[in-house]
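Take this structure first; my questions come after.
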Amino acid sequence: MTIPEGEIPPRREPVFKAPWPSMTLVGALLGAYALQVFVLGEAAYQAFGFSPAGLETGGWPGLFTALFVHGNLAHVLMNTAGALAFGAPVARLLGVRGLGPVVFFAFFLVCGALANYGFARLHPGADVLLVGASGSVFGLIGAATRILAGRGGLAPVFAPRVLAMTAAWIGLNLVVGLLGASPGLDAGQAVAWEAHVFGFLAGLRLIGPAVWIARRG
């Protein structure tokens, strides 16, 4: 069947243009929160949260599992929004085929684990629980900082624009730390801003090796 040129329907643009790895990550965070709310309840915090005190007694799995537990709906929505916004350029750079998606998800997990571990080193033995993917999201922000400064490529860590954006992000976290509050948290909860900084620095440095690995596949 032929269609007259003037009657060819316009091509429909996809509703979501984000790469599928970043969309899958968002789905995983939301799915984990649904499981937490409707199945696990309050037990999820003790079972999967991360504690510096627990790390000293073998609780290292919490470095990773805490990334998928959140304080409330606003908390998880803030993190999923960040994962989508800053994860998209990272996923595009790593690639959506071959090793790219594997490296993307590993990058997310490693940045989050290093963020939690850095907090534990600053507060050894602290009997507090860390939950949420904020450290991982800041890892994506650190990586995206170099991508944005490199106009889609990867700018050097010490490029002036990268340094300026790094100072801005760290400064923002220092302000949040001084204020001690966040619209995404309930009363009695606090922002682990130190973990954010560690996650950001991890993403800033690890995106280079991540790209190298992804392009070997």
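The values are calculated or read from the model by the stated rules, or taken from the named source; none is laboratory data. Quick caveat: nothing in here was measured; it's all calculated off a predicted structure. In this analysis, Cβ positions are derived from the backbone assuming ideal geometry, glycine residues included, and neighbour counts consider all displayed protein chains. The accessibility values were calculated without ligands, DNA or RNA, using every heavy atom of the protein model including side chains. Shrake-Rupley method; radii C 1.70, N 1.55, O 1.52, S 1.80 Å.
Compute the longest continuous run of the chain that contains no exposed GluC sites (Glu not before Pro); treat a site as exposed when its DSSP state is not H, G, I, E or B and it has at most 13 other Cβ atoms within 10 Å.
Between exposed loop sites, the widest span is 57-217.
E42 versus A167, label points 7 Å from Cα toward the beta carbon: distance in nm?
Output for this residue pair reads 4.7 nm.
Can you give the charge dipole size of the chain about its Cα centre, rounded to the nearest 20 debye, using +1 on the beta carbon of Lys and Arg and -1 on the beta carbon of Asp and Glu?
Approximately 900 debye in magnitude.
Kirkwood Rh over alpha-carbon pairs of segment 79-197, then Stokes-Einstein at 20 °C and 1.002 mPa s: what D in µm² s⁻¹, rounded to an integer?
The diffusion coefficient I find is 141 µm²/s.
Ok, one more. Out of residues 5 or more away from L130 or on other chains, whose amide H comes under 5 Å of its own, with H placed 1.01 Å from N in the peptide plane?
F50, S51
Moving on. Calculate, for the chain, the solvent-accessible area per residue in square angstrom, rolling a 1.4 angstrom probe over the heavy atoms of the protein chains.
So the chain comes to 53 Å² accessible per residue, rounded to a whole number.
On to the next question. Write down Rg/Rh for the chain, rounded to two decimals, with Rg from the C-alpha atoms and Rh from the Kirkwood relation over Cα pairs.
That ratio equals 1.05.
Just the number, please: carbon plus sulfur as a percent of the accessible area of segment 58-180, 1.4 Å probe, no ligands or DNA/RNA counted.
74 percent
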